[in-house]
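Data block below; observations after.
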């Protein structure tokens, strides 16, 4: 009798998980199931939770009512029409990196593009890409040993969000060839009423899905221009015709150098300004104790153990930093010649750490895919899941003087303080500092990049009150102040968005000159603001980031 009652209770519990009476609108679910070919996951259904999770622990409390996984452009068109007819909000994901959780919304319909992951080389210079692919998948099918593709350095990123945000490659390819937005020949897009568009620089073709009418526009009200750096605000791109180069992507060399004072930073600046090599500085912070991580990976050894050994061996004041150098000559083949790059560093007075030994230990490039794997054991990763991610990003710097604040002054992130007790109390567990040079006047289509940019990104437990995000916002504010003081106009990379103390995200991402044009395009193509999210074109809320909790640095900051 006991087991019989237990079985009834179990059946009732299972039944309650699939009871949508208080959840998704059943008419909407039925319409989605019968009007397009992709799978539909109402909240509470089997598979919903696996589809919902994105790579930022701050987003795990966001629950769409329905997740749909379209297979074709026509599917996406049908979904948009159903959403409009039933007053359902729309959110769209490609890879789901989601610094500000823009790929999810509470309620409404989430369009999961990951099944639209086409990668097809159509000529030696062109490839067709579906937005749901990751760069990891693209580079397997368009191998960099044979082709050069403007791609994200973090290869787990989805290509849809990356390209529509402009798309910078931080280890040199963008300095040679430009940004991702520069390389789109045609966007296939679904607009706010469900029509299908082919958007080219010279004209736009509109396929009216209700009437069957085909319309050719030679004035698209700035749509192509707007898609090259603010594209997520205008529609759902279902395919990119993308320019590639039939020659190998040049790999960087990776060196370790000492930056012990501001004069060393000025020397590094001169190396970058020389122009022969694209230079990117990488520095990894592991505030989580290594002894708590049972399995030491190659990256653990590279990021933490080797720098400390080199500092001790060289009797230096600071640990060496990683420096990536790529030959800027377009005629260079697959490999950057190491001796020439190291010789240039030494010519400018850069102190190179035991290159004869280090060159045999280091990989060619640092591939950061899954932050959690870099500092959590497998068991901790399984229990914790994805961690919170927060970033301080700044572009359009004419020199590296503001960087000195982080490297030599900050009470947690400076070389001299990174291992002090204050750093452990911050709650930041794994951070990386990336400082690329872009001295060849390489611009995002809509944003001035300048000669240098700075990005400091950290991950930490999402459900714990920590100071980490507040510290990063303070760093960003101080960097902005120092940048303005030296006469620069700071900008920010759209693909690393943040909610800052100051307002006016439109100026921050796209500039005073461009933002009115973007709003004009928005009013024509999406007057009802169907495609809206945190800090999208046409939005008015600056402080729309997910809830951030902290302690010890003032009151909690809430969106």
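The values are calculated or read from the model by the stated rules, or taken from the named source; none is laboratory data. Computed from a predicted structure; not experimentally measured. All Cβ positions, glycine included, derive from the backbone under ideal geometry; neighbour counts span all protein chains shown.
Annotations
- Among (1) surrounded by 21 or more Cβ atoms within 10 Å (Cβ to Cβ); (2) assigned to a loop (DSSP other than H, G, I, E, B); (3) touching a residue at least 60 places away in the same chain (Cβ under 8 Å) - the single one residue 181 does not satisfy: (2)
For (1) in contact with a helix residue (DSSP H, G or I) (Cβ under 7 Å, 6 or more places away or on another chain); (2) modelled with pLDDT under 95, each residue gets a yes or a no:
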residue: 122; (1), (2): no, no
residue: 127; (1), (2): no, no
residue: 147; (1), (2): no, no
residue: 172; (1), (2): no, yes
residue: 192; (1), (2): yes, no
residue: 206; (1), (2): no, no
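- Selection count, the range 213-236, where residues are in a loop (DSSP other than H, G, I, E, B) and surrounded by fewer than 19 Cβ atoms within 10 Å (Cβ to Cβ): 5
- Checking residue 210 against (1) closer than 29 Å to residue 35 by Cβ; (2) touching a residue at least 40 places away in the same chain (Cβ under 8 Å); (3) not in a strand (DSSP E or B), the condition it does not meet: (2)
- Among (1) in contact with a helix residue (DSSP H, G or I) (Cβ under 7 Å, 6 or more places away or on another chain); (2) modelled with pLDDT of 95 or more - the single one residue 166 does not satisfy: (2)
- Residue-level analysis places residue 391 outside the set of residues that are under 30 Å from residue 489 (Cβ atoms), surrounded by 13 or more Cβ atoms within 10 Å (Cβ to Cβ) and free of Cβ contacts under 8 Å to residues at least 24 places away in the same chain.
- The set of residues in the range 184-197 being in a strand (DSSP E or B) and either buried (at least 17 other Cβ atoms within 10 Å of the Cβ) or out of contact with any strand residue (DSSP E or B) (no Cβ under 7 Å at 6 or more places or on another chain) (or both) consists of 184, 186, 187, 188, 189, 190, 196, 197.
- Scanning the range 323-336 for residues that are out of contact with any helix residue (DSSP H, G or I) (no Cβ under 8 Å at 6 or more places or on another chain) and either without any contact (Cβ under 8 Å) to a residue 40 or more places away in the chain or assigned to a strand (DSSP E or B) (or both) returns 324, 331, 335.
- Residue in the range 468-490 that is surrounded by the fewest Cβ atoms within 10 Å (Cβ to Cβ), counting only those that are in contact with a strand residue (DSSP E or B) (Cβ under 9 Å, 6 or more places away or on another chain) and not in a helix (DSSP H, G or I): 486
- Tabulated pairs, the range 442-471, first on the phi > 0 side of the Ramachandran plot, second not in a loop (DSSP other than H, G, I, E, B), C-beta under 7 angstrom, 6+ apart or interchain: 450/395; 450/396; 450/397
- Residue that is assigned by TED's automatic domain parsing to the domain that holds residue 445, assigned to a loop (DSSP other than H, G, I, E, B) and either surrounded by 20 or more Cβ atoms within 10 Å (Cβ to Cβ) or modelled with pLDDT under 95 (or both), where the choices are 493, 553, 557: 493
- Wholly enclosed helices (runs of 4 or more DSSP H) of the range 42-154 bearing at least 2 residues over 24 Å from the mean Cα position of the chain (by Cα) and surrounded by 17 or more Cβ atoms within 10 Å (Cβ to Cβ): 73-85
- Extreme residue, surrounded by the most Cβ atoms within 10 Å (Cβ to Cβ), among residues of the range 409-427 that are in contact with a strand residue (DSSP E or B) (Cβ under 9 Å, 6 or more places away or on another chain) and within 20 Å of residue 307 (Cα to Cα): 413
- Screening 358, 352, 435 for residues that are surrounded by 23 or more Cβ atoms within 10 Å (Cβ to Cβ), within 29 Å of residue 316 (Cα to Cα) and in contact with a helix residue (DSSP H, G or I) (Cβ under 9 Å, 6 or more places away or on another chain) leaves exactly one candidate, 435.
- Residue check for residue 170: in the same structural domain as residue 136 (by TED's automatic domain parsing), in contact (Cβ under 8 Å) with a residue 12 or more places away in the chain and not in a loop (DSSP other than H, G, I, E, B): no
- Set 239, 269, 175: member being part of a strand (DSSP E or B), in contact (Cβ under 8 Å) with a residue 60 or more places away in the chain and touching a strand residue (DSSP E or B) at 6+ places or on another chain (Cβ under 9 Å): 239
- Restricting attention to the range 221-256, the residues being at pLDDT below 95 and more than 24 Å from the chain's Cα centre (by Cα) number 2.
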